[in-house]
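The values are calculated or read from the model by the stated rules, or taken from the named source; none is laboratory data. Predicted, not measured: the structure shown is a model, and the values here were computed from it. In this analysis, Cβ positions are derived from the backbone assuming ideal geometry, glycine residues included, and neighbour counts consider all displayed protein chains. Just so you know, the surface numbers come from the protein's heavy atoms only, side chains and all, with ligands and any DNA or RNA stripped out. Shrake-Rupley method; radii C 1.70, N 1.55, O 1.52, S 1.80 Å.
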Amino acid sequence: MESMKQPQVKNFINGEFSRNGQNSMDVLSPLTGEIISNLPMSGMKELSEAVQAAKTAFTLWSSKTLKERIQVFFKYRSLLEENIDELSKLVQLENGKTYGESRAEVEKSIELCEFAVSMPQIITNEIQEVSRGVECRIERKPIGVVACITPFNFPNMVPHWTVPNAIVLGNTVIVKPSELVPLSVMRMAELLKEAGLPDGVFNVVNGGKEIVEAICDHEGIEAVSFVGSTHVAKIVYKRASSNLKRCVALGGAKNHLLVLPDAHVEMTANNVVASMSGCAGQRCMAAAVMVGVDKIQHIIDRMIIEARTIVPGENLGSVISKEAKERIEGYITEAEQQGAKILVDGRGATVPGKEGGFYVGPTIIDYVTTDMKVAKEEIFGPVISIIRAKDLDEAIQIENSSNYGNAAAVFTQNGGLAKRVMEKASAGMIGVNIGVPVPREPFSFGGWNESKFGVGDITGKSSIEFWTQNKKTTTKWNPEDKTNWMS
Ligand code: NAD
């Protein structure tokens, strides 16, 4: 990774890249701390231009058939495949995760496009003769101009959670990427144009808080999807819905893995450590708390061995920023001061030749109690807090007491106990002997409690409801004047 400098980030409105004289912000690569680009901090003016372009494009785009609209995404999917190496390197550069993780992310984007192009197979609408000569039909229609606000941790994949589905279903879209990772979405705009998407169907407006607030307020936008922290998800959900928009807002997480003494030792230790340290712990599906039930010391011992094989700068990427590194290390220090035991300590990690980068090594904290911050708050780093529970009921109760509810998992070889966790865990996505239980298409992604606000999930079949509205039509073609529609 020699030359890290990237082109200036631009907005993409009506098929054109543009940049006015707005304030700008630097984009850093967390791998080295080096400035690699800068982006415009847009406001209501740029947003209004994008909404106008999307509104104009909607008339023609929404009048096409579903089968016509998906054609662009067949082509676009091939472009993702052809450019996968370059796209993966871009994710790595702006986000800091490893090349392998970046590539897996783009592969997931490809899978998301495959779901979108299968939409004509999924949506066949409904029709029934409800009385003699009288038919009712339900058709799914697009809703209009929609906006997608995305976080830093999956610069390529999270925009693909929403954009392909929203567009093939006939909507026109405005994306507001995280200001920390705006480069992948700019590339997405180029490739969608190359795939033949008409101007104005996909638009990008860059910036931070100001543009998010403008999206929530703009009367030309019908629906808003948000993925990010719970704090901002609440702000966006309240503001967008009070302005009468449809909104689904995914928030943060604190995922609990319940480990039982009979769990397979190597597999469990490997899965738990991979879940907490993959993408440097910056996944909303990452393991954050391990609840060890009864005698699980042998599994913890194995986890220590696994964690020591994970080396920052080699098989562990950076965290997103200096502030993130300081926040994560602060949590570890506070837990230590409160009496928790640091079994593997990732504080102060540096990578030779990349001393300006933001690295935290894998960290295992044992003897965490439920009142500590590391037990309750989202750390969003490669850190796992171990809480010890005397039995499964206590472990479930600890999981249930979290404000969040994205994922939960159980590790055991006992089907009956696994079933109890499947039933009782208060989370939207459950794993049995799997550390990162992300549902694959066509199953949908979404948490419970403060990990998601709004109805339905953000991907898969559930997202179809969100991106469409039903048109219900009743027709009568029996001309006899004596028959009414009840006949
Ligand atoms: P964030 O909430 O800081 O930012 C998300 C988006 O909101 C960005 O586009 C940002 O520009 C904007 N934003 C930030 N502060 C704002 C404010 N005060 N007002 C309006 N807009 C604001 O999240 P992040 O740090 O980019 O991403 C990490 C978070 O996202 C973690 O909490 C993680 O768990 C969560 N996440 C959740 C899921 C999920 O599926 N539930 C998926 C990925 C990430």
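Is the C-alpha gyration tensor of the stretch 35-150 telling us rounded, prolate or oblate? Criteria: a/c under 1.5 is rounded; beyond that, a/b larger than b/c is prolate, otherwise oblate.
The shape class here is oblate.
Roughly what % antiparallel, to the nearest 5, for the DSSP beta bridges in the chain?
Taking every DSSP beta bridge with both residues in the chain, the antiparallel ones total about 40 percent.
Among all the lysines, which ones have a C-alpha under 27 Å from residue 45's C-alpha, if same-chain residues fewer than 8 places away are not counted?
10, 55, 176, 193, 209, 234, 238, 245
Charges at C-beta only: +1 for Lys and Arg, -1 for Asp and Glu. How large is the resulting dipole of the stretch 255-432 about its Cα centre, in Debye rounded to 20? Write out the running numbers ahead of the final one.
Values: 17 positive and 22 negative charges, 40 e Å.
I would put it at about 200 debye.
Would you mind classifying the stretch 404-447 by shape? Square roots of the alpha carbon gyration tensor eigenvalues, ordered a ≥ b ≥ c; an a/c under 1.5 is rounded, otherwise it is prolate if a/b is larger than b/c and oblate if not.
prolate
Pairwise over distinct Cα atoms, reciprocal of the mean inverse distance: report the Kirkwood radius of the stretch 255-432 in Å, one decimal place. Display every interim value, and only then the final one.
Numbers: mean 1/r = 0.0623 Å⁻¹.
By the Kirkwood definition, the hydrodynamic radius is 16.0 Å.
Residues with amide H under 5 Å of residue 204's amide H, sequence separation 5 or more or different chain, H placed in the peptide plane at 1.01 Å from N; which?
Amide H to amide H, under 5 Å and 5 or more residues apart or across chains, residue 204 pairs with 12, 13, 175.
Pick out, from 32, 428, 311, the residue whose Cα sits farthest towards the positive end of the charge dipole of the chain, with +1 on the Cβ of Lys and Arg and -1 on the Cβ of Asp and Glu.
428
Could you go through the stretch 442-451 in sequence order and give the Karplus-derived ³J(HN,Hα) for each residue, using 6.51 cos²θ - 1.76 cosθ + 1.60 with θ = phi - 60°, rounded to whole Hz, and x for Gly and Pro?
x, 5, 9, 10, x, x, 10, 6, 7, 8
Based on DSSP H runs of at least 4 residues, each adding -39500 (n - 2.57), what is the mean residue ellipticity at 222 nm of the chain after dividing by all its residues, to the nearest 500 deg cm²/dmol?
-12000 deg cm²/dmol
For the stretch 255-432, which whole percent of the accessible surface, found with a 1.4 angstrom probe, sits on carbon and sulfur atoms?
Carbon and sulfur: 49 percent of the exposed surface of the stretch 255-432.
Among the aspartates and glutamates, select those whose C-alpha is under 13 Å from the C-alpha of residue 97, and discard any that sit fewer than 8 residues away in the same chain.
105, 314
Once label points are set 7 Å from the Cα along Cα→Cβ at both residue 18 and residue 341, what is their separation, rounded to one decimal in nm?
Output for this residue pair reads 6.3 nm.
Specify the inter-centroid distance of the stretch 199-223 and the stretch 229-261, based on alpha-carbon positions, in whole Å.
So the two Cα centres are separated by 19 Å.
Evaluate the charge dipole of the chain about its Cα centre and quote only its size in Debye, nearest 20, assuming +1 on the Cβ of each Lys and Arg and -1 on the Cβ of each Asp and Glu.
Details: 52 positive and 58 negative charges, 217 e Å.
So the dipole magnitude of the chain works out to roughly 1040 debye.
Leaving out ligands and nucleic acids, and using a 1.4 Å probe, what accessible area per residue does the chain come to in Å²?
Dividing the accessible area of the chain by its residue count gives 41 Å².
Quickly rank 70-80, 223-233 as a protection proxy: mean count of other C-beta atoms within 10 Å, highest first. Let's see the in-between values first.
Values: 70-80: 19.0, 223-233: 22.7.
With the highest mean Cβ count within 10 Å placed first, the list reads 223-233, 70-80.
Which peptide among 126-135, 203-212, 356-365 comes first, and what is the full order, when sorted by highest mean count of other Cβ atoms within 10 Å?
356-365, 203-212, 126-135
What does the chain give for Rg and for Dmax, in Å, if only its C-alpha atoms count?
Rg and Dmax of the chain, Cα atoms, are 24.0, 88 Å.
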